[in-house]
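Everything below concerns the one structure shown next.
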Amino acid sequence: MSEKKIKKIGILTSGGDAPGMNAAIRALVRAGIHAGFEMYGVKRGYKGLLEGEIIPLGTRDVSEILHRGGTILMTARSKEFVDKSGQEKAKEIMKVYELDALVVIGGDGSFRGAYELSKLGIPVIGIPGTIDNDVSCTDYCIGYDTAMNTALEAIDRIRDTASSHERCSVVEVMGRDAGYIALNVGMACGAEVILIPEVKYNLEKDVYKVILEGRNVGKHHYIVIVAEGAGDVQEIAEKIETFTGIETRTTVLGYVQRGGSPTVKDRLAASQMGIKAIECLEKGKTGRLIVEQGGEIKDIDIKKGMAMKKQITAEELSENLKLF
Ligand code: F6P
């Protein structure tokens, strides 16, 4: 709970952008003004905060952005902010600009920054936004659904050509530390193999053998989904081709997954999370993270949220093999 009555609220987006961040900014600005707050945008994440890049935002400033990917506030990764001195400076800047509270939209790293600010007594609220969906305290992060649908559409196309040529396609999806996109897109596209950073794999048993078994039951294509952090796709593809004799190609989907118009799920999650953040601030409730748990949008204590852990297990990954 904050002592001072909150009047002016800053919003920033930080880390990798995610489709739906704009929808969250819009919801925060409009619901915030509706509740009687003055709303401000902090440009370029924590970096912009340290440089005082703060602009007023009115209801018309956030029109025509609901359907747009990226973030109108732009985003950055700030080295300076990682240090205590940077965080102290951020506190001073907030004082100079008379910002009473800060809403941070971003992933795990951005939340760690928000947590450090809250420890310095700054009223903060976090809204989870990352296509990786790897923020532990929430079932859902803004951007995840859009990224998955973008990847799925691309892989469906790759599958058509892989089928015609009876090839194996190794597709890299995003996820440096987390395999949520790979796991769920893999299952949704009928991939033969899914490789993620959380679960160790053995190329002979988990990849070559599965592909050859597929060929023996009459499959005409083989899709191998690899999360970015799970290995080098080129190297994996070369080994598959050498071992199985099946012609193999690679595709790296990359940043295409981070852009684009947000899906219904992302627009709704972003709007509802934005509204929830403003409801908290109206009650003077800060040091909160807005989360989706069990299908419900809630606010939880930032310290408790940051202590939570979630990780994909080998059992969850092996579910896909039942669909072989
Ligand atoms: O936004 C999350 C993420 O897409 C990760 O999966 C990826 O490894 C990372 O961002 C790369 O981001 P950048 O190249 O912008 O640092």
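Worth a mention:
- Lone qualifier among 106, 48 - being out of contact with any helix residue (DSSP H, G or I) (no Cβ under 8 Å at 6 or more places or on another chain) and either at pLDDT 95 or above or farther than 24 Å from residue 305 by Cα (or both): 48
- Some residue of region 13-20 being within 16 Å of the ligand (Cβ to nearest atom) and over 17 Å from residue 259 (Cβ atoms): yes
- Residue among 153, 192, 166, 198 that alone is open to solvent by less than 30 Å² (accessible area, probe 1.4 Å) and charged (D, E, K, R): 192
- Qualifying residue in region 241-253 (condition: surrounded by 20 or more Cβ atoms within 10 Å (Cβ to Cβ) and under 20 Å from the mean Cα position of the chain (by Cα)): yes
- Per this entry, residue 226 is counted among residues that are touching a helix residue (DSSP H, G or I) at 6+ places or on another chain (Cβ under 7 Å), of a type outside the set (Ser, Thr, Tyr) and either in a loop (DSSP other than H, G, I, E, B) or farther than 30 Å from residue 10 by Cα (or both).
- Residue match in region 170-187 (condition: more than 16 Å from the ligand (Cβ to nearest atom), surrounded by 18 or more Cβ atoms within 10 Å (Cβ to Cβ) and of a type outside the set (Ser, Thr, Tyr)): yes
- For region 282-289, the criterion of being part of a loop (DSSP other than H, G, I, E, B), touching a strand residue (DSSP E or B) at 6+ places or on another chain (Cβ under 8 Å) and surrounded by fewer than 21 Cβ atoms within 10 Å (Cβ to Cβ) is met by at least one residue.
- Residue among 293, 311 that alone is under 19 Å from the mean Cα position of the chain (by Cα), under 30 Å from residue 190 (Cα atoms), open to solvent by 50 Å² or more (accessible area, probe 1.4 Å) and touching a residue at least 24 places away in the same chain (Cβ under 8 Å): 311
- Among the numbered conditions (1) more than 16 Å from the ligand (Cβ to nearest atom); (2) among the polar types (S, T, N, Q); (3) not assigned by TED's automatic domain parsing to the domain that holds residue 138, the only one that residue 286 does not meet is (3).
- Residues in region 229-240 that are small (Gly, Ala, Ser) and either open to solvent by 70 Å² or more (accessible area, probe 1.4 Å) or part of a helix (DSSP H, G or I) (or both) were compared, and the one that is farthest from the ligand (Cβ to nearest atom) is 237.
Conditions (1) assigned to a helix (DSSP H, G or I); (2) open to solvent by less than 50 Å² (accessible area, probe 1.4 Å); (3) not assigned by TED's automatic domain parsing to the domain that holds residue 277, marked per residue:
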residue	(1), (2), (3)
28	yes, yes, no
36	no, no, no
47	yes, no, no
68	no, no, no
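The values are calculated or read from the model by the stated rules, or taken from the named source; none is laboratory data. Predicted model, so just to flag it, every value in this text is computed and none were measured. For neighbour counting, all protein chains shown are included, and Cβ atoms are generated from backbone atoms with ideal geometry for every residue, glycine included. These accessible areas exclude ligands, DNA and RNA; they are computed on the full protein's heavy atoms, side chains included. Shrake-Rupley method; radii C 1.70, N 1.55, O 1.52, S 1.80 Å.
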